[in-house]
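Read through the structure below, which is laid out as structure tokens, and then see the notes.
The values are calculated or read from the model by the stated rules, or taken from the named source; none is laboratory data. None of the values given here were measured: they were computed from a predicted structure. In this analysis, Cβ positions are derived from the backbone assuming ideal geometry, glycine residues included, and neighbour counts consider all displayed protein chains. Keep in mind that these areas ignore ligands, DNA and RNA; they rest on the heavy atoms of the full protein, side chains included. Shrake-Rupley method; radii C 1.70, N 1.55, O 1.52, S 1.80 Å.
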Amino acid sequence: MWWSASPPSPWGRGAGKWWALGGPLAVKAVGFLLLAGLLFRVLCSFPSSPALQIAEGKCNLFNGEWIPNPSGPAYTNASCRFIDDHQNCMMNGRPDKGYLHWKWKPYGCDLPPFNAVRFLDSMRNKAWGLIGDSILRNQVQSLLCLLSKAEEPVEVYHDKEYKHRRWHFQSYNFTVSLVWAPFLIKSDVFENENGVSTSEIQLHLDILDAIWTSQYESFDYIIISGGQWFLRTAVYWENGAVVGCHYCQNKNLIELGFEHLYRKTLQKVFSFIISAKHKPVIFFRTWSPDHFENGEWFSGGSCARVAPYKKREYQEGYNERVMRGIELKEFNKAEAALRGSGDVERLKLMDTYSLSTLRPDGHVGPYRTPYPFAKDSKNAASVQNDCLHWCVPGPIDAWNDLVMKMAVDR
């Protein structure tokens with residue numbers, strides 16, 4: 001399976017000093033100052049207002065809406081060879097094309113489309129690492145497709161299972177590495193050749209996954225994130241001993257829950273980033289929501305919508321609310337720890353969560369493979385839906401528009 005989910009868990013203002021003045025003029029002056037102070041406090045009470053952020057040059061790129069884009073995607077499955085079959089919705093027979101004709105528009109400012117030449121020019125002799133699970137792999141496909149409009153990369157490395165991969169853009173001496181680390185911490189995963197678990201995953205909450213920490217110093221830019229793997233049934237270890245588990249059946253272990261796991265993991269990750277001598281630019285990408293309706297992935301859930309949600313139409317689930325809350329809290333703590341140093345500018349929140357919640361139409365759905373849809377096959381109705389991963393091209397391209405804006409067009 002591409003992922004697994006377990007059942008949801010139950011869940012000072014300082015006073016200013018006034019100068020003492022005398023006479024009528026003083027009364028008017030005091031009145032003026034009082035009015036000015038009141039206006040100042042009213043304005044300051046809305047720090048997240050897009051208008052104020054624009055005035056300060058800090059438009060919130062993650063607060064906006066999807067608007068029609070008649071020109072469509074920057075590439076197609078015909079022009080890009082880096083799309084995995086599983087996310088190649090066009091090749092696999094998806095009949096509707098409306099999901100390709102939307103673009104993300106932040107309120108009060110613009111998000112320019114990805115510019116491959118400018119991006120590669122600015123990244124000469126640099127190395128990027130994308131660390132995480134299959135959603136990061138999903139994003140890498142989009143990134144490579146966008147970059148290949150300027151130059152096609154050469155794949156210079158892959159492991160036996162193609163989970164760890166590296167591409168090189170020769171004219172720019174620029175590399176993109178995909179690092180498979182779905183838990184970010186040390187894990188022992190027991191799966192058969194079909195990806196089905198044969199035993200509980202063993203997770204070491206106090207040890208980071210060496211597969212990414214050993215490469216950390218080789219990267220100038222990193223995108224790192226957690227995902228749905230944290231919801232899986234697993235046994236938790238610390239200091240070489242079992243301390244509990246999540247959703248373990250028939251085991252006499254303390255139920256700690258995935259919330260405990262995710263919080264401890266992010267604390268460990270951010271602690272490493274803060275203390276490491278090497279200081280790459282880090283983009284912490286937030287949770288990627290799924291859009292299953294009428295069931296889950298294992299019980300016939302589907303995602304058949306063909307248009308974006310309107311604001312407040314998305315019904316946030318318990319898992320999403322909790323995981324996002326943990327992400328924001330731990331990121332803010334890490335940012336606060338770096339405040340006052342130049343390093344704080346190198347840790348950035350890439351908050352793709354809200355814009356992604358609005359795109360139930362952009363998932364793979366049943367179009368994971370072409371054969372059930374050939375000649376109106378009756379098998380199509382029985383295909384297991386993927387309402388977590390994204391079609392490529394599709395809404396995930398906006399994530400890389402954000403990368404361009406945050407890394408190059410700052």
Based on C-alpha coordinates, I'd like the Rg and Dmax of segment 140-224, in Å.
15.5, 46
Met350's amide H: which non-local residues (gap 5+, or another chain) put their own amide H closer than 5 Å, with H modeled 1.01 Å from N in plane and none for Pro or chain starts?
Phe284, Arg285, Thr286
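Can you give the FRET efficiency to the nearest 0.05 for Ile254 and Asp110, using r as the Cβ-Cβ distance and R₀ = 60 Å? Please report the intermediate quantities before stating the final value.
Numbers: r = 51 Å, r/R0 = 0.84.
Efficiency, rounded to the nearest 0.05: 0.75.
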Can you give me the C-alpha center-to-center distance between segment 272-328 and segment 231-267, rounded to a whole angstrom?
21 Å
What's the lysine pair count for segment 45-197 at a Cα cut-off below 24 Å, pairs eight or more apart or interchain?
10
Using modelled amide H (1.01 Å from N, peptide plane; none on Pro or chain starts), what sits under 5 Å from the amide H of Asp206, excluding residues fewer than 5 places away?
Asn239
Along its principal axes, what span do the Cα atoms of segment 70-409 show, with the longest given first and each in whole Å?
55, 49, 43
Probe 1.4 Å, all protein chains present, accessible-area order of Tyr172, Tyr216, largest first
Tyr172, Tyr216
List the aspartates and glutamates whose alpha-carbon lies under 18 Å from that of Lys333, not counting same-chain residues fewer than 8 positions away?
Glu259, Asp343, Glu345, Asp351
Vicinal HN-Hα couplings computed from phi for segment 87-103 (Karplus, 6.51 cos²θ - 1.76 cosθ + 1.60; Hz; Gly/Pro x)
9, 8, 4, 5, 5, 7, x, 4, x, 7, 10, x, 5, 8, 10, 9, 9
With a 1.4 Å probe and all protein chains kept in place, how do Phe219, Phe298, Phe62 rank by accessible area, largest first?
Phe298, Phe62, Phe219
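In terms of the ratio Rg/(2.2 N^0.38 Å) built on C-alpha atoms, what value belongs to segment 256-310?
Here the Cα radius of gyration is 1.76 times the empirical estimate.
If the convex hull of the alpha-carbon atoms of segment 95-165 is projected onto planes in all directions, what is the mean projected area in square nanometres?
7.4 nm²
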³J(HN,Hα) computed for each position of segment 289-300 - Karplus, 6.51 cos²θ - 1.76 cosθ + 1.60, integer Hz, glycine/proline x
x, 9, 9, 5, 10, 6, x, 9, 4, 8, 10, x
For segment 341-355, Karplus couplings with θ = phi - 60° (6.51, -1.76, 1.60), whole Hz, Gly/Pro x:
10, x, 5, 4, 6, 8, 10, 10, 8, 9, 8, 7, 4, 5, 5
Expressed in square angstrom to the nearest 10, the accessible area of Lys186 with a 1.4 Å probe stands at 90 Å²
